[in-house]
Amino acid sequence: MNKTDRLLAIVLELQRKGRRRAEDLAETFETSKRTIYRDILALCEAGVPVVSVPGQGYSLMKGYFLPPLSFTTEEATMLLLGGNFMAKNFDAQYRAAAESAVRKIEGVLPETLRADVQYLQSNIRFIGPITAPDAKEHETLQQLRRALLDRNTIRFRYHTRHRSDEQSAPQTREADPYGLAYIMSAWHLTAYCHLRQDIRNFRLDRIEELELLTRTFTRPANVNFGQSERDQQRTMTARVLFDSEIARWVRESRSYYVTAEEETADGLLVTLKVRQEREILQWLLSWGSHVKILEPASLRELLAEETRRMLQNYQIENNLTK
C-alpha cells in the first residue's frame, strides 16, 4: 500500500473505529509505529483534524467525516458480508484487497447505519458452498433479517425430523432470533426457543408460517453467536473407521460434524461431535460396507437396525415377485 492510499485508509479507520492507538494502526496496515507517527503528522499538515490523547491513541475531531456513500442497510450488509467471505476463502492478495475494501466501506457509513450493518455482519455466517434460495426461503430470510435488527420475537410452525410418528406433526414455536448461519447448503437460525427454554438451531426450510410479533426482546450480553455455541450442544463423540481406498472421497464429502481425521494403518479414522446419532446416520449409510463404527455402541446398533430394515424391504419385494 502506497503512502497516499494509507493516509486515506487511516482516516477511514479512525472514522470507523472512533479511536486507535499507533500500534493498532501499525498492525492493521502492516507497517511500523514510526511510519504511523509520520502519517498522522502528514494528515494534520493536510488539514485533517486528528486528536491525539496520550496513552489512548488517535481520533478524529467530532463532526469531521468524509462524504458518505449512499448505501442502504441491505446494500452495505451484502458488500461487507461478501468482502468477509472473499477475505476468508481467497489467496493472500485478494484477501488483503477484500479486507481493505471492507475497512473503506465501514469507514464511510453513517454511524446509525454502521451499527445496524455491523450487528447483522456479526450474526450471519457462511459455512460450505452457497446456493441461491428459492422464493419462499428468500422471503423468510428477509423477515428474519428484520427480526434480528429490531429484536422482534417470532412465531412459526416447525417440522422436527428426528421424532416419533406420534409427534411428527409440526409444532408452533416462539423464539428470539440471535443469528443466521449458512451451513452445508442450508440456512440455520440460532434462537432462544420459548418452548424449550433454551437456545436452539432451526433449519429455515423446516419453518412455515413465520410471523414477526410486536413483542421485542433483549439479547443476553453473554450470548456469543458462533461456532462455540453449536459446539456446546454437541456432546456425543463418534469414532468411525473408513477403508483407505475411499479416504479421499470421505475428505471431499466430509460431514459438517467432523472434528478430526487421522490416517492409520487400518484406514481413515474420523472423529465427529453430534447431539444425537441420527444426525450422521444418513452420511454413514452412504459409504456402505466401507465404514466401521468404533463408538458409541448406540450408533453402531442404530446403523445395524437401519440396515436390517433396508434388507427386510428387499426380502418382502422378492417374496412378492415369486
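FYI, it's all coordinate maths here, none of it is from the lab. Remember, it's a predicted structure, so these values are computed and weren't measured experimentally. Don't worry about glycine lacking a Cβ; one is built from the backbone with ideal geometry, like all the others, and counts go over all protein chains shown.
Structure notes:
- Set LYS136/LYS273; LYS33/LYS104; LYS3/LYS62 screened for pairs whose C-alpha atoms are more than 23 Å apart: LYS136/LYS273; LYS3/LYS62
- GLU263, GLU277 arranged by Cβ crowding within 10 Å, fewest neighbours leading: GLU263, GLU277
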